[in-house]
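All remarks here apply to the structure that follows.
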Amino acid sequence: MELRAVRRVALMAVLGLSLAACGGGNIQNAPAPSGGGGQAASCGKLNMAINPWVGYEASAHVVGYVAKSKLGCEVEYKNVKEEVAWQGMGNSEVDVVIENWGHPDLVQKYITDQKTAQDAGVNGNVGVIGWYVPPWMAQQYPDITDWNNLNKYADLFKTTESGGQGQLLDGDPSFVTNDEALVKNLNLNYKVVYAGSEAALIQAFRQAEANKKPLLGYFYEPQWFMSEVPLVKVNLPPYTEGCDADPAKIACDYPKYDLNKIVATKFVEANGPAYKLVKAFKWTNDDQNLVAKSIAEDKMDPDQAAQKWVDANPDKVNAWLQAAQA
Amino acid sequence: MTTTLERPTAPPGGGDRKRRMPGNGRLLLGVLVVWVLGWAIFQGTATLEIGGADLTDFHLWLNSIRDGFDQARAGSFFFEYVIGGISAVIDATVTGLRDLLSQPSFPRPVPEIGWLGVVAIFSWLAYALAGLRSAVMVLVGLLLFGFLGYWEDSIDLLIVTLVAVLVCVVIGIPMGIWMARSRRATAVLTPILDAMQTMPSFAYLAPLVLLFGIGPASAVVTTLIYALPPLARITAHGIRSVSPTTIEAARSMGTSRWQILRTVQLPMARRTIIVGLNQCTMAALSMATIAALINGPGLGQPVAQALQSLDIGNAFVSGIAIVIMAIVLDRTTTAASERAEVATRRGGTPRSRRIGLIAGGVVALVCVYLSRLYIQLAQFPAEPDLGTPLAAGVTAFTDALVRAVSGLTSALTSVVSTVLLNPLQSLLAGSPWWLMFLVLLAVAYLAGGWRPTAIALVCLLVILGTGLWNEAMKTLTTTIVATLAVILVALVIGVWMGRNRRADTAVRPILDAFQTIPPFVYLVPALALFGPTRFTAIVAAVAFGVPVATKLIADGIRGVSPTSVEAARASGTTAWQMISRVQLPMARAAVVLASNQGLLNVLSMVVIGGLVGGGGLGYYVVAGFSQGQLFGKGLAAGIAITALGIMLDRVAQYAAARYGRR
């Protein structure tokens, strides 16, 4: 009986303590979540896909922040991979993919066949895919950036995973790589080893630069990691139109990707200010790297990072807004 | 905890067969000799290796099925109203609860009930269901979520987990009852449950979203698929093990089957069912990070996001919040079941407790009211902030650790890879497929007899059919090495814990944490230490396999009868003799069980291993989730992993039944 009384007192004490924490400040005084702009009614909702890399996150949050703070839209971010995002355009779960890297199979399926998605033009970012080495290697072996010399250095790149040949570390599973075909068709004494994730690739390059270890790997720009360790690209035989037509016979570099925006057909048909903003959105690799760096290295909240850039670049933002409000 | 193919009923084992053991040993040696000779002659031929982007007809066929779904989904009655209806109900429930408890509920800038109200309600519920100690635990746990800086994500995860567990209960308990009463149901459902548990979720994540949409419904269904099997299995086991005499007695009194179930079997199996519920909850929590990949709300989001920028500190802090949730839920549900048992035995609630409950309820309601009124009580305060310094500390510590030992660890990686992994992989994946096929069948036969051989035959044919034979052999190599490492580590730590109470108390929470922390959290430091290699994948698998195995071994050692230990001690044995001659042999069954569970946990990490350079089937599962064209290949890899898992599990079980019990 006594024990129970003690328990009761303890419970009261605990709850009482939490009550004591109460203070003033009425909830009605709290600021509303959307910064206002007075057009909330006309803008409506914007479903923005967030594909899982930091550069994408930067672009998406800048557009989202402008839509929310200047146009009064309700913005919802959805963390999904590319394919799932395209899929979601059919039933209006996703309105915008703000940075698209080619994906001809998805273009065929959703733009050409099902017509649930549309191309909303380039976003100004240029995507580069290729083979890279850490900067210390480019310094020590200047001719390594020419693919013709790769076989000369193959021994340097040997690892426990590459079975006696040089290792070419591939591995972000999100992209189709031609690397197995490239190695074969360029007669390189290398073996493609799959790291399996972007995190694994970045960590490998980071350790390679820090410990001056040789590493040759698949990488891409724009990427926030480039501002931490400026990797150096190895020049493969230059890309020419159609040289990648037959995947088995590829012997040329990857094309440059003019990254574009993909929008849901229903979103286009609604033709609201959010769509016009997305359509007008355009910036540069440097812009994106700046915001991405704030997120990845300075550990800023993506919305705050976006706000910082928007406040610093009123000209660009105003140009988009004019188009949106036209 | 998580990935266990619980099969409580031991498969039939031959008692008289064990005399054949020495003969089998010689035969096994013979198989090995033939294998190595065959490898030496045919090495590198008919290995069925295929290129990274190559697709077989089977993969293309799986792709076309997916495309068919995609096409059919608009305008189909079934998709729009049945599946659509289910997802609408789940979405509405989760969204409603989020508006109530965690997310700004428009037009309010905060949820309907603020943090103080949420803390008060949950603490009161814990007090009512599980007692004061649990109430305090819940209170502290919830406050920690806030102090770590993840209040909203934590409550979101709690909501998704509770909804998923609720659906599990609605489906899983009737399923378990059915399995307990019908042999045919067991025969049909067991392989399905096996597949649900061993098929990596990455393999079906994208098509699942096709059906249930980008939202909470998909997250709940993903979680459900993985968390349902333990509940159904353990429920069936609980009902089956109700003593037949009791049922006979009830039947002789003329009670109907339904009444027996309701008044005898279910109440008597109650404890076991609660254990099942517990396992179900833990399994549900372990899916948090995976669900985040399809926009599932909760703590998985910050973990996944932190991985993108390799932010070890924040990944750790949000991972710790998941661990706290797991521990609080585990202890509270256990306490609740014990209390319920005591309450039924005593009958009724004492008056003083009733008063306490009412008073607590009133206080909770007042808190809810206040939290609706004041912004400070609605929005979790930013101070005190434990998360930021903890994240900074973890980052600094990991950096220092990596700098200090990375030379050593990369040397270890290369030694293990060259001495052990490469030769073994060359033997398994470098042998022609037909030789490996026969070797594996022979091993299955020698280990367990005809039945597992038949199962192995089916599984191997499935693997062959997926077109990923070579990759499967590579995965088998890392699985074998990782499992051996798990057993070795678990033996050392488990024996130590079993013999030393203080060691047990110190180590057990660490094991709990490693079992519940999402592997994504320690992948980045593991990558820094060991590089993107198969060895890193093995390290991750061992980190996840060791806790279960260690706990089982520790419990087994402790369970050895004190009289035997005393007797041995009296005759003056040394500590080493005590372990090797008395304790380990007597805890044999526990060691066998530990190896089996360790193996299954290792297998469940194959996909995670694929993310850090493990290659093999795991990489294709990941790639299949990321690239539309590779979907079929990824699903095929998932099927191959399932087949590999079922084969290893069954062979190990039959072997254990034959040799494990003396």
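The values are calculated or read from the model by the stated rules, or taken from the named source; none is laboratory data. Everything quoted here is computed from the prediction, not taken from an experiment. Here Cβ is always computed from backbone atoms with ideal geometry, including for glycine, and neighbour counts include all displayed protein chains.
Tally up the residues in the stretch B:55-76 that are in a loop (DSSP other than H, G, I, E, B), of a type outside the set (A, V, I, L, M, F, W, C) and surrounded by 13 or more Cβ atoms within 10 Å (Cβ to Cβ), please. Don't jump to the end; show me each part of the working.
Start the filter on the stretch B:55-76 by keeping residues that are in a loop (DSSP other than H, G, I, E, B), which leaves B:55-56, B:73-76.
With the extra rule that they be of a type outside the set (A, V, I, L, M, F, W, C), the set shrinks to B:56, B:73, B:75-76.
Pick out the ones that are also surrounded by 13 or more Cβ atoms within 10 Å (Cβ to Cβ) and you get B:56, B:73, B:76.
So the answer is 3.
Looking at (1) out of contact with any Phe, Trp or Tyr (no Cβ under 8 Å at 6 or more places or on another chain); (2) within 30 Å of B:Arg558 (Cβ to Cβ); (3) not hydroxyl-bearing (Ser, Thr, Tyr), can you tell me which one B:Gly448 breaks?
For B:Gly448, the exception is condition (1).
Suppose the filter is within 30 Å of B:Thr190 (Cα to Cα), crowded, with 18+ Cβ neighbours inside 10 Å and either hydroxyl-bearing (Ser, Thr, Tyr) or touching an Asp or Glu at 6+ places or on another chain (Cβ under 8 Å) (or both); does B:Thr483 pass it?
Details: within 30 Å of B:Thr190 (Cα to Cα): yes; crowded, with 18+ Cβ neighbours inside 10 Å: yes; either hydroxyl-bearing (Ser, Thr, Tyr) or touching an Asp or Glu at 6+ places or on another chain (Cβ under 8 Å) (or both): yes.
Taking the combined requirement at face value, the residue satisfies it.
Collect the residues in the stretch A:228-262 that are surrounded by fewer than 17 Cβ atoms within 10 Å (Cβ to Cβ) and under 13 Å from A:Asn185 (Cβ atoms), keeping them in residue-number order.
Answer for the stretch A:228-262, where residues must be surrounded by fewer than 17 Cβ atoms within 10 Å (Cβ to Cβ) and under 13 Å from A:Asn185 (Cβ atoms): A:Pro237, A:Cys243, A:Asp246, A:Pro247, A:Ala248, A:Lys249, A:Ala251.
Check whether at least one residue in the stretch B:308-320 is within 13 Å of chain A (Cβ to nearest Cβ), among the charged types (D, E, K, R) and assigned to a loop (DSSP other than H, G, I, E, B), and report yes or no.
Quick first cut of the stretch B:308-320, residues within 13 Å of chain A (Cβ to nearest Cβ) only: B:308-315, B:317.
Going one step further and asking which of them are among the charged types (D, E, K, R), we end up with B:311.
Filter once more, keeping what is assigned to a loop (DSSP other than H, G, I, E, B): B:311.
Looking through the stretch B:308-320, at least one residue is within 13 Å of chain A (Cβ to nearest Cβ), among the charged types (D, E, K, R) and assigned to a loop (DSSP other than H, G, I, E, B).
Mind listing just one residue for me: the one in the stretch B:608-662 that is away from every other protein chain (no Cβ under 14 Å) and basic (Lys, Arg) and, of those, farthest from B:Leu48 (Cα to Cα)?
Applying the filter and picking the extreme gives B:Arg662.
Got a sec? Which of B:Gly114, B:Gly131, B:Gly141 is at positive phi and within 14 Å of another protein chain (Cβ to nearest Cβ)? Quick ask: steps written out before the conclusion?
Working: B:Gly114 fails: at positive phi; B:Gly141 fails: at positive phi.
Exactly one residue qualifies, and that residue is B:Gly131.
Hey, can you tell me all the residues within the stretch B:528-583 that are of a type in the set (Ser, Thr, Tyr) and touching a helix residue (DSSP H, G or I) at 6+ places or on another chain (Cβ under 8 Å)? Working first, answer last.
Applying the first criterion (of a type in the set (Ser, Thr, Tyr)) to the stretch B:528-583 yields B:533, B:536, B:550, B:561, B:563-564, B:571, B:573-574, B:580.
Result: B:Thr533, B:Thr536, B:Thr550, B:Ser561, B:Ser564, B:Thr573.
Of everything in the stretch B:262-307 that's over 25 Å from the mean Cα position of the chain (by Cα) and surrounded by fewer than 20 Cβ atoms within 10 Å (Cβ to Cβ), which residue is nearest to the other protein chains (Cβ to nearest Cβ)?
B:Pro267
For (1) touching an Asp or Glu at 6+ places or on another chain (Cβ under 8 Å); (2) buried (at least 17 other Cβ atoms within 10 Å of the Cβ); (3) away from chain B (no Cβ under 14 Å), each residue gets a yes or a no:
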| residue | (1), (2), (3) |
| --- | --- |
| A:Val80 | no, yes, no |
| A:Lys115 | no, no, no |
| A:Asp119 | no, no, yes |
| A:Asn125 | yes, yes, yes |
| A:Val128 | yes, yes, yes |
| A:Pro135 | yes, no, yes |
| A:Leu150 | no, yes, yes |
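Quick check: anything in the stretch B:237-254 under 21 Å from the mean Cα position of the chain (by Cα), modelled with pLDDT of 85 or more and not polar (S, T, N, Q)?
Applying the first criterion (under 21 Å from the mean Cα position of the chain (by Cα)) to the stretch B:237-254 yields B:237-238.
Then keep just the ones that are modelled with pLDDT of 85 or more; that gives B:237-238.
Cutting the leftovers down to not polar (S, T, N, Q) gives us B:237-238.
Within the stretch B:237-254 (the criterion being under 21 Å from the mean Cα position of the chain (by Cα), modelled with pLDDT of 85 or more and not polar (S, T, N, Q)), the answer is yes, since at least one residue qualifies.
Looking only at helices (runs of 4 or more DSSP H) that fall completely inside the stretch A:180-283, which ones have 3 or more residues that are modelled with pLDDT of 90 or more and away from every other protein chain (no Cβ under 14 Å)?
On the way: elements: A:198-210, A:225-228, A:265-270, A:273-280.
Fully inside the stretch A:180-283 and qualifying: A:265-270, A:273-280.
Which fully enclosed helices (runs of 4 or more DSSP H) of the stretch B:513-612 have 2 or more residues being under 24 Å from B:Ala321 (Cβ atoms)? First the steps, then the outcome.
Working: elements: B:520-530, B:534-558, B:562-570, B:588-603, B:606-610.
Hits in the stretch B:513-612: B:520-530, B:534-558, B:606-610.
Which residue pairs have Cβ atoms under 8 Å apart, sit 6 or more places apart or on different chains, and have a first residue in the stretch A:216-240 that is closer than 16 Å to A:Phe157 by Cβ and of a type outside the set (Ser, Thr, Tyr) and a second that is exposed (fewer than 15 other Cβ atoms within 10 Å of the Cβ) and at pLDDT below 95?
A:Val234/A:Asp146
Against the condition within 14 Å of chain A (Cβ to nearest Cβ) and among the β-branched types (Val, Ile, Thr), how does B:Thr479 come out, does it pass?
Values: within 14 Å of chain A (Cβ to nearest Cβ): no; among the β-branched types (Val, Ile, Thr): yes.
Criteria not met by B:Thr479.
I need the full set of residues from the stretch B:393-419 which are facing chain A (nearest Cβ under 8 Å) and either farther than 13 Å from B:Phe530 by Cβ or not in a helix (DSSP H, G or I) (or both), in order please.
B:Thr418
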